[in-house]
Amino acid sequence: MAVVGPDSIQNLHKNITMIRLQILCMGIVFFTICSCSNSQQTGTLLKPGEFSTTISSLPNEVILDVRTSGEFQGGHIKEAINIDFNDPTFDQQIAKFDKSTPYMVYCLSGGRSAAAANTMRNAGFTKVYELDGGMIAWRSANLPETTDQPKPMKTGMNQQEFLKSLEGNTPVLVDFYAEWCKPCKQMQPFLEKMEKELAGKVIIKRIDADQNPSLLQSMGIEGIPYLILHDGKNIVWNHMGFIDETTLRKEISNVLKF
């Protein structure tokens with residue numbers, strides 16, 4: 001039987017200590033890398049005022065509008081370039097850009113710009129800022145926009161006209177939507193079904209947010225889908241974001257008592 005001497009035991013302790021130190025160092029390095037990675041993402045979602053100030057403070061930023069060309073022509077931030085995020089060639093188009101340049105990315109309400117910003121970061125872009133709430137929030141903050149076309153920007157109906165259109169004996173459920181909005185499209189089938197089933201009890205009216213930017217601004221609507229229930233005299237319920245059919249039916253029944 002082999003005899004283990006004091007020197008062997010001492011060497012064993014040294015080896016164990018070295019292994020522990022190596023594991024500790026690896027953990028520190030891993031934590032540092034993760035922290036740096038996370039820090040790149042912090043402070044990149046900016047409120048409209050911050051977004052505007054950042055544009056003014058950066059010398060060589062690129063303002064990137066990722067909406068459709070129709071939305072862009074209807075009103076956009078000055079000096080923005082337009083690349084539709086839903087265009088199949090989006091990745092190829094941004095691949096031509098300098099990845100070290102700051103990019104100020106926005107859409108109508110923030111959904112597409114968030115996806116576009118993530119795509120850009122994954123592609124190696126290091127300075128990507130997003131407009132929190134998109135053009136809806138930008139307009140609510142009364143910040144300037146411009147248009148590429150000689151005709152006036154789309155304004156649609158104003159708030160007074162909108163509220164006037166809701167007056168009557170039958171309650172009205174208003175759905176503010178957009179053609180590009182995925183939650184809006186998910187809700188459309190059951191809203192159309194409810195429109196038929198609730199005929200005579202509730203009128204369901206859909207309003208295109210892209211065609212009525214002034215109305216959304218005056219009403220302080222900062223995201224879509226946005227639902228409003230009007231009892232003929234006043235707005236009695238509202239909801240921003242996706243809502244399923246069952247929950248919506250319960251809300252309507254609870255508010256209107258039927």
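See the values below:
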read-out	value
Residue in segment 224-247 that is polar (S, T, N, Q) and more than 22 Å from G168 (Cβ to Cβ) present	yes
Number of the condition not met by K185 [criteria: (1) at pLDDT 95 or above; (2) within 20 Å of N238 (Cα to Cα)]	(1)
Cβ-Cβ under 9 Å pairs, at least 6 apart or on other chains, segment 239-256 side at negative phi, far side surrounded by 13 or more Cβ atoms within 10 Å (Cβ to Cβ) and among the β-branched types (V, I, T)	H239/I228; M240/I221; M240/I224; E251/I243; I252/V202; V255/V236; L256/V202; L256/V236
Listing of helices (runs of 4 or more DSSP H) fully contained in segment 70-162 that carry 1 or more residues being aromatic (F, W, Y) and buried (at least 20 other Cβ atoms within 10 Å of the Cβ)	134-140
Residue selected from segment 48-75 under the condition in contact with a Pro (Cβ under 8 Å, 6 or more places away or on another chain) and of a type in the set (A, V, I, L, M, F, W, C), by the criterion modelled with the lowest pLDDT	L58
Subset of segment 141-158 [touching a Ser or Thr at 6+ places or on another chain (Cβ under 9 Å) and modelled with pLDDT of 85 or more]	A141, L143, P144
Subset of segment 56-95 [among the hydrophobic types (A, V, I, L, M, F, W, C) and more than 17 Å from the chain's Cα centre (by Cα)]	L58, V62, A80, I81, F90, I94, A95
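Results for (1) touching a Cys at 6+ places or on another chain (Cβ under 7 Å); (2) closer than 19 Å to G111 by Cβ; (3) aliphatic (A, V, I, L, M), shown as yes or no for each residue.
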{"position": "P171", "(1), (2), (3)": "no, no, no"}
{"position": "D175", "(1), (2), (3)": "no, yes, no"}
{"position": "W180", "(1), (2), (3)": "no, yes, no"}
{"position": "E192", "(1), (2), (3)": "no, no, no"}
{"position": "G200", "(1), (2), (3)": "no, no, no"}
{"position": "A209", "(1), (2), (3)": "no, yes, yes"}
{"position": "L227", "(1), (2), (3)": "no, yes, yes"}
{"position": "V255", "(1), (2), (3)": "no, no, yes"}
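The values are calculated or read from the model by the stated rules, or taken from the named source; none is laboratory data. Bear in mind that the values here come from a model prediction, so they are computed numbers and not experimental data. Cβ sites come from the backbone with ideal geometry, for glycine too, and all protein chains shown count toward neighbours.
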